[in-house]
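Input: a single structure, listed below in structure tokens.
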Protein chains: 2
Amino acid sequence: MEKAEALAKFRELIKKIKSYEEVIGLAYWDMRTGAPKRGIDGRSEAVGVLSAESFRLAVSDEMGELLARLREPDAYGNLSRIDRRLVDETAKEYERNRRIPPELYQEYVVLTSQAEAFWEQAKADNDYAGFRPYLERIIEFTNRFIDLWGVKGTRYDTLLDQYEPGMTTAELDRLFGGLREKLVPLAAAIAESPAQPDRSVLAGTFEPEAQRRFSLFILKEMGFDFDAGRLDESVHPFATGLGPGDVRITTRYLKDDVASALFGTIHEGGHALYEQNIGSELAGTTLHTGTSMGIHESQSRFWENIIGRSRPFWQRYFGELQSHFPGRLNTDAESFYRAINIVEPSLIRIEADELTYNLHIIIRYEIEKMIFDGGAKAADLPEIWNAKYKEYLGVEPKNDAEGVLQDVHWSGGAFGYFPSYALGNMYAAQFAAAMEREMPDMWERVGSGRLIPIKDWLTERIYRYGKLETPGEIVRRVTGEPLNPSYLTDYLEEKYREIYRL
Amino acid sequence: MEKAEALAKFRELIKKIKSYEEVIGLAYWDMRTGAPKRGIDGRSEAVGVLSAESFRLAVSDEMGELLARLREPDAYGNLSRIDRRLVDETAKEYERNRRIPPELYQEYVVLTSQAEAFWEQAKADNDYAGFRPYLERIIEFTNRFIDLWGVKGTRYDTLLDQYEPGMTTAELDRLFGGLREKLVPLAAAIAESPAQPDRSVLAGTFEPEAQRRFSLFILKEMGFDFDAGRLDESVHPFATGLGPGDVRITTRYLKDDVASALFGTIHEGGHALYEQNIGSELAGTTLHTGTSMGIHESQSRFWENIIGRSRPFWQRYFGELQSHFPGRLNTDAESFYRAINIVEPSLIRIEADELTYNLHIIIRYEIEKMIFDGGAKAADLPEIWNAKYKEYLGVEPKNDAEGVLQDVHWSGGAFGYFPSYALGNMYAAQFAAAMEREMPDMWERVGSGRLIPIKDWLTERIYRYGKLETPGEIVRRVTGEPLNPSYLTDYLEEKYREIYRL
Ligand SMILES: [Zn+2]
Ligand SMILES: [Zn+2]
């Protein structure tokens, strides 16, 4: 085949796959935001049919032949930067997926979908014993996949690479070691501090409609493009980039907690800004997305924590927030700032503060390593879990529902995903340090509500690249060095020593 | 191939096509109800990819072979009623579609999508001359399709059959002749009557949110299942049955017109009740839908006009409506009933009353016949249009925007569709007469808000059959005779002679 013809066919096939993904993504958004409940089973089946077709295209012989042709030196050498990366990424996925026998994968899909449903019940019933057989089978399948994919440095490395390409256990040990060493004593010192912020300033009842209006206001301030996106409600907030002009986020309004939807919105808004500002030259390709889970999370955390929980931000926006809730939040910006930054070791990851959150992740990382490289059995996990919570956070779950059963991830087979969250925090702090260097008036801008230059800086350096560069390439290009955990620890030390007067 | 194997493969292929249709339907719903505008182009492309794939499956050689096998006597004779009908319907579509060369069809799709966009502009600019070349090409394409499909009794019959299977020009001439003969003089007598209802009782400003609450209330009264459907807003109201458990309708709230959303909701609610109550044994097949455009429209019109514009209905619900709008609608149920039934010849079909609406349709029908069997040219249409409006309705368009350019249908190539609307009115009146015979207390039930038995009667006799029976089979089974226009004319005569005291 002529190389030009191969390239044209390849791009067309990629675009077709992307079309399936876009419409499937829409169906998931719909199921989570308001599809009638009696339609869910049928819709899931329909989505299953389309997903299978999309997968079939991705692992088709045609795809194999096109990739082989395009990787021949005469073709590959002449590809544009975008096409080369597209070929590389697609080939990686192709090879990965072709190694799994379709029947085995089908069996695994059924297992995890049953396990997710069962997990929900098991969590409600605090029934780890009932859930354990599912978990054991999922671990067994995952181990078979690791064997089929090929073991990298360690078995767990093979899993990590799915979510954070290039990341390894060795690297994470270094990164998370650095974190743990600083954060465990810092959290302990904070707990002992006599200067505890006053949480009661957040008390009150907050009409969902007013919360929604403030969420829309803040998104607008951040530069969220409402002609290319929307905000809805769902039980579990999420962001989804359906296409270049359609990025949707959700939040959840709690009547007695104004902070939940607020920071949820800013978080998902950060994911959305990334997706909304990917370069249009990547549209219609599978590179039109975030480059990794960790980098994606860095953008949500940057906006949620580094900007959204900063003092300058609330110096500018606290009055606006107050004006949405007459008679409530009877305090000043400073007390509000302190209250939304309360650090408190807790049992539940998704409710954790910005600091201890990282320890929740490190615990999961260490346990996942033990499962795949340390011989830990599913039966041992509750005990290991509880011991680590005691050691790192000084708290102990009363039961498995608030312990080892709390997260959905393992029931879906997503081993290797958790580290992304803490990586996100680290990337975010490192990007922020670079931004401070390059934009000396960054905090004055935040303090006067000029957030667009912040978004533009991120667009220029991160967003527009989509998946064109790897996480490692991005962090080195933007910050001048590889990922370095001391940016996060320095940031946290500085921020919390001040708040807690340590 | 074994016949059992052929049947299994056929059902699987049908289910696959249905899955595509379901997700494509969701994407259309989304584009009309709130998709971000910058995402529309990309979404349209993605939907195009999936539509093409679905079409490819429907006309595939595999489909041809399975149909051929299942139509052999040893297989066909042993099929269940559902499977036989499914084979017949699918074969009809298959043969129809296989006759159109794919490139020709592709060209036509591009033309009509451009024409629809251009029509919108032409209507705004009152520019029939600009639109005419599009219309000419669409007529040309349609004529080629008629030749490829094969001319039935008349050329226009071939078009009618797409929307109302089995319907012919000869039959419509008889039906519409009967209508026109009665309705033209009746409308004239009404215009002369001194007993004109007082429209001013409808005046006022009506908060959209209160209109929405009343719409939800009425849908609930009708037996709309909100676990299997939802109500949203869109510029052009519509109903869409995505699947057995997911039927969605939309309406549009106008601040200064409470009747618009109200009757729009009841109308779309009627379509929705049909879709929500199709027998579950048809789920996952292409028979899980209304049997024809005309029968579908009969259900929306039955609820909107025969029930929703009846005196007993408002004796029950007028107080409820008033209570949603304190200080407005300061009148009684009887005056309200008369006001929502004002008959007035007008230029615009979609704003027409229940009586003259039929004349708008007859005009379009007669013009379409002239185009395909009478040699009328696109250039002649404005003049023909205006002359017919003058003759049947006594009104004359000031310009083409409120004349021949008013409807979107022709720009999309939907010749043969218009008659469905008037057929719907005729079917509805004939069904209502059967219901009155079989349920002598029907109007007492309506008058006391017991609408569920009405819905159940329709479910038992019409809804649950989906597309298992043809329109002709349904009307004969339910009413004991073929479609007969005198039910509609009798109903209208009786209702309006009383209101206008003729
Ligand atoms: Zn996130
Ligand atoms: Zn309708």
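Quick check: is even one residue across segment A:382-397 free of Cβ contacts under 8 Å to residues at least 24 places away in the same chain and of a type in the set (S, T, N, Q)? Yes, some residue in segment A:382-397 is free of Cβ contacts under 8 Å to residues at least 24 places away in the same chain and of a type in the set (S, T, N, Q). Identification of helices (runs of 4 or more DSSP H) wholly contained in segment B:143-243 with 2 or more residues that are within 29 Å of B:N330 (Cα to Cα) yields B:169-192, B:208-222. In the set A:G42, A:G64, A:G48, only one residue is at the interface with chain B (Cβ under 10 Å from one of its Cβ atoms), surrounded by fewer than 16 Cβ atoms within 10 Å (Cβ to Cβ) and either polar (S, T, N, Q) or not in a loop (DSSP other than H, G, I, E, B) (or both); that residue is A:G48.
Taking residues in segment B:104-118 that are touching a residue at least 40 places away in the same chain (Cβ under 8 Å), and partners anywhere that are outside any helix (DSSP H, G or I), the pairs with Cβ atoms closer than 6 Å and at least 6 places apart or on different chains are B:T112/B:G413. Pairs linking a residue in segment B:437-460 that is aromatic (F, W, Y) to a residue that is surrounded by 14 or more Cβ atoms within 10 Å (Cβ to Cβ) and in a helix (DSSP H, G or I), with Cβ atoms under 8 Å and 6 or more positions apart or on different chains, are B:W443/B:P312; B:W457/B:M435.
Total residues in segment B:434-475 satisfying the condition of being crowded, with 17+ Cβ neighbours inside 10 Å and either within 16 Å of ligand 1 (Cβ to nearest atom) or more than 19 Å from B:M222 (Cβ to Cβ) (or both): the figure is 11. Restricted to segment A:281-322, and to residues that are small (G, A, S), closer than 17 Å to A:T240 by Cβ and out of contact with any His (no Cβ under 8 Å at 6 or more places or on another chain), which residue is farthest from ligand 2 (Cβ to nearest atom)? It comes out as A:S292. Identify, please: which residue in segment B:406-429 is part of a loop (DSSP other than H, G, I, E, B) and away from ligand 2 (no atom under 12 Å from the Cβ) and is, among those, nearest to B:R137 (Cα to Cα)? Only one residue tops the list, namely B:G413. The listed residues are B:V258, B:V247, and the only one of them that is away from ligand 1 (no atom under 16 Å from the Cβ), crowded, with 21+ Cβ neighbours inside 10 Å and within 11 Å of chain A (Cβ to nearest Cβ) turns out to be B:V247.
Residues satisfying the criterion are absent from segment A:173-182 (criterion: among the acidic types (D, E) and buried (at least 21 other Cβ atoms within 10 Å of the Cβ)). So is B:D227 away from ligand 1 (no atom under 16 Å from the Cβ), within 14 Å of chain A (Cβ to nearest Cβ) and touching a strand residue (DSSP E or B) at 6+ places or on another chain (Cβ under 9 Å) or not? No; evaluated as a whole, the condition is false for this residue.
Go through the residues of segment B:157-172 one by one and say whether even a single one is free of Cβ contacts under 8 Å to residues at least 40 places away in the same chain, more than 23 Å from B:N484 (Cβ to Cβ) and surrounded by fewer than 20 Cβ atoms within 10 Å (Cβ to Cβ). No; the residues of segment B:157-172 include none that is free of Cβ contacts under 8 Å to residues at least 40 places away in the same chain, more than 23 Å from B:N484 (Cβ to Cβ) and surrounded by fewer than 20 Cβ atoms within 10 Å (Cβ to Cβ).
Among the residues of segment B:212-247, not one is under 18 Å from B:K455 (Cα atoms), modelled with pLDDT under 95 and either within 15 Å of ligand 2 (Cβ to nearest atom) or among the charged types (D, E, K, R) (or both). All conditions but one from (1) more than 26 Å from B:P36 (Cα to Cα); (2) touching a strand residue (DSSP E or B) at 6+ places or on another chain (Cβ under 7 Å) apply to A:A272; the one that does not is (1).
The values are calculated or read from the model by the stated rules, or taken from the named source; none is laboratory data. Note that the structure is a prediction, hence the values are computed from the model and not measured. Neighbour counts run over all protein chains shown; Cβ positions are idealised from the backbone, glycine included.
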